[in-house]
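J.: The structure that follows is given in the form of structure tokens.
What follows draws every value from the coordinates through simple rules; no lab data is involved. Keep in mind it's a predicted model, so treat the numbers as computed, not measured. Quick reminder, even Gly has a Cβ in these numbers, built from the backbone with ideal geometry, and neighbours come from all protein chains shown.
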């Protein structure tokens, strides 16, 4: 951990590298990161509000709260899947703390989320009846926990991908399934009671519901959500860190 | 340093009684599992379960066997041997990229190890020369301020002033090698590992590089050096070690060990 801190500069440079590579030579550059959530939201508004007649109040803000943070989670996970294998050239030829790779992938996703937030936050205030208040600051502790949760999973998937390249496809399917098992486009209360257990057991439900509580209802997230989020963070970091540190010495040989 | 194991050909041993080693290995071995039909996917492992033809076969390869060695601080130490003799594996173990399968290795505590296993490996073709130098230096744990301090020297040494803000994909291979060499040298390592890279650039640049190496040596840094080139070995090294199929066959003054090497490869001196 100490070593990782000493390598802050490396993590920072990895993030800058990825951002530069992503946006260099593209005409719309950073706009692409905004277009994705915009199109998702437009699609879901048409599908659920106008076709399925979903009754949620302030449905667009509801979607925005869910989609932005789900996308952050999905982005973290897919970016860390290839974090080690895509940098095979470095791993095989230079010695450095390999933790920097998945951490770099997570922070790369976080930076993009923060860019998107900077644009969507004023939009939500002006057009979507987001109420300004100190309670909105609760977003940051939730975000902090979500990043820790993603770091644990990121360590895990980046390790598994070294040994099984299938992990990439598995993560894609897992994310698609996870999206529909999380109340992003529908409200938890609209789910039939029989099916609720599935959705309630999903840790992302606690994260997304907490954001929704803060952003839509100006409420502090319920203690139950905090408890579940902390548990998820603890388990994910434990498994992720153990897996990564157990197998990282074999990375240079396996990839 | 009398602990050379009973290897097939006990080597003439020259040593320095001073305990200030830079790298110390004791009966270090490295095995690789050679896999035929290996592919890191679930499908192939699943198919392999049913079809013998697709099943993975494993064989153990001893890349290094029972190496015991102490390299002194400030020494220029060379490794020579044929292809596949384990030289590069040994450098990778010293740098920490690979772990030994058995035995121990100790490196002078707190030492920054600079690896030139291949020049410009950390380099990304889509980033400019400048961006690559900064990224590469941070791989070695250098802070931004530290890189800022040496950056002008890196550029000057590489003679790439005009191209430093051009993406690397527009560089010739000689140009990126020059940039790689320059940035590796200026990270100011305590132990420098060099693998077959001194033949970079044109003659003038080579001359400049070997002067730079000599200067690093004079400043008391340890240099570990792998090459096929007997001439380079003789020129730079205080001691060299001959490896054959992962075993240490001889160690000592360059002239003697090179004689052994030439006898082994059947090449006249």
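J.: In terms of the ratio Rg/(2.2 N^0.38 Å) built on C-alpha atoms, what value belongs to segment B:127-224?
T.: Normalised Cα radius of gyration, segment B:127-224: 1.03.
J.: If you project the alpha carbons of the protein assembly as shown onto the principal axes, what extent comes out on each, in Å, largest first?
T.: Per principal axis, max minus min of the Cα coordinates gives 89, 58, 42 Å.
J.: Neighbouring Cβ atoms within 10 Å as the yardstick, rank B:62, A:180, A:70, B:21 fewest first. List each step's numbers first, then the result.
T.: Values: B:62 15, A:180 11, A:70 23, B:21 19.
So the ranking, lowest neighbour count to highest, is A:180, B:62, B:21, A:70.
J.: Can you pull the Kirkwood radius for segment A:105-216, inverse mean 1/r over Cα pairs, to one decimal in Å?
T.: One over the average 1/r among Cα pairs gives 16.1 Å for segment A:105-216.
J.: Could you tell me how many degrees, from 0 to 90 and to the nearest 10, lie between the Cα long axis of helix A:223-247 and the main elongation axis, the longest principal axis, of the Cα atoms of chain A?
T.: Approximately 20 degrees, to the nearest ten.
J.: What list do you get for B:241, A:76 if you sort them by fewest beta carbons within 10 Å?
T.: By the 10 Å Cβ count, ascending: B:241, A:76.
J.: Which peptide among B:177-184, B:101-108 comes first, and what is the full order, when sorted by highest mean count of other Cβ atoms within 10 Å?
T.: Output ranking for B:177-184, B:101-108: B:177-184, B:101-108.
J.: Using only the alpha carbons of segment A:1-135, what is the convex hull's orientation-averaged projected area in square nanometres?
T.: Projected over every direction and averaged, the Cα hull of segment A:1-135 covers 11.0 nm².
J.: In addition: Measure nothing but the geometry: give the 0 to 90° angle between the long axis through the Cα atoms of A:203-217 and the longest principal axis through the Cα atoms of chain A, rounded to 10°.
T.: 40 degrees
J.: Classify segment A:123-162 as rounded, prolate or oblate from the Cα gyration tensor: take a ≥ b ≥ c as the square roots of its eigenvalues, call it rounded if a/c is under 1.5, otherwise prolate when a/b beats b/c and oblate if not.
T.: oblate
J.: Sticking with this structure for a sec: Round to a whole angstrom and tell me the spacing of the C-alpha centers of segment A:130-176 and segment A:179-246.
T.: That distance is 11 Å.
J.: Output the 0 to 90 degree angle, nearest 10, between the alpha-carbon long axis of helix A:100-127 and the longest principal axis computed from the alpha carbons of chain A.
T.: Approximately 20 degrees, to the nearest 10.
J.: Let me have the relative contact order for segment B:129-252, percent, based on Cα pairs under 8 Å that are six or more residues apart.
T.: Relative contact order, segment B:129-252: 20 percent.
J.: While we're looking at this one, here's another question. Find the relative contact order for segment A:107-255 and round it to a whole percent, using C-alpha pairs within less than 8 Å whose residues are 6+ positions apart.
T.: Once normalised by length, the contact order is 37 percent.
J.: In percent, how large is the relative contact order of segment A:2-254, given Cα pairs closer than 8 Å and 6 or more residues apart?
T.: Across segment A:2-254, relative contact order equals 26 percent.
J.: Past the 16 angstrom mark, what percentage of all C-alpha to C-alpha distances in segment A:1-78 do you count?
T.: Beyond 16 Å sits 66 percent of the P(r) for segment A:1-78.
J.: If we count other beta carbons within 10 Å of each Cβ, what is the order of B:163, B:123, fewest first? Mind showing how you got there, number by number?
T.: Values: B:163 20, B:123 23.
Ordered from fewest to most neighbouring Cβ atoms within 10 Å, B:163, B:123 come out as B:163, B:123.
J.: Taking the inverse of the average 1/r across all pairs of different Cα atoms in segment A:2-254, what Kirkwood radius in Å do you get? Before the final figure, lay out each step's value.
T.: Details: mean 1/r = 0.0520 Å⁻¹.
This gives a value of 19.2 Å.
J.: Diagonalise the Cα gyration tensor of segment B:107-181 and give the resulting equivalent ellipsoid semi-axes, square root of 5 times each eigenvalue, largest first, whole Å.
T.: Semi-axes (√(5λ), whole Å): 22, 14, 11.
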